[in-house]
Amino acid sequence: MITLCSQCDKPEHQCTCERYCCHCKSMENIRMGVDGLYYCSDCREACDVLLADSDAH
Ligand SMILES: [Zn+2]
Ligand SMILES: [Zn+2]
């Protein structure tokens, strides 16, 4: 299953949305979580959100 961006409904590699953390608005180390939202590494760990592509390997 592919996780889609919550804003544009495209997978992470096709998404061209401006990427910033949905919690702290940081723009560093932003990755998509399994819920389709973008997180910085700190907030992603704090919220226990897995990477969108973590089950693709
Ligand atoms: Zn997007
Ligand atoms: Zn953050």
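The values are calculated or read from the model by the stated rules, or taken from the named source; none is laboratory data. Keep in mind the model is a prediction, meaning the values are calculated, not measured. Please note: Cβ atoms are built from the backbone with ideal geometry, for glycine as well, and neighbour counts cover all protein chains shown.
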Looking only at segment 29-54, filter to residues that are acidic (Asp, Glu) and more than 9 Å from ligand 2 (Cβ to nearest atom); which one of those is modelled with the lowest pLDDT? 53
Against the condition within 11 Å of ligand 2 (Cβ to nearest atom), among the charged types (D, E, K, R) and under 11 Å from the mean Cα position of the chain (by Cα), how does residue 19 come out, does it pass? no
Every residue from segment 1-17 that is in contact with a Gly (Cβ under 6 Å, 6 or more places away or on another chain) and buried (at least 16 other Cβ atoms within 10 Å of the Cβ): 3, 4, 5
Filter result (within 12 Å of ligand 1 (Cβ to nearest atom), closer than 14 Å to residue 3 by Cβ and of a type in the set (Ser, Thr, Tyr)) within segment 13-53: 38
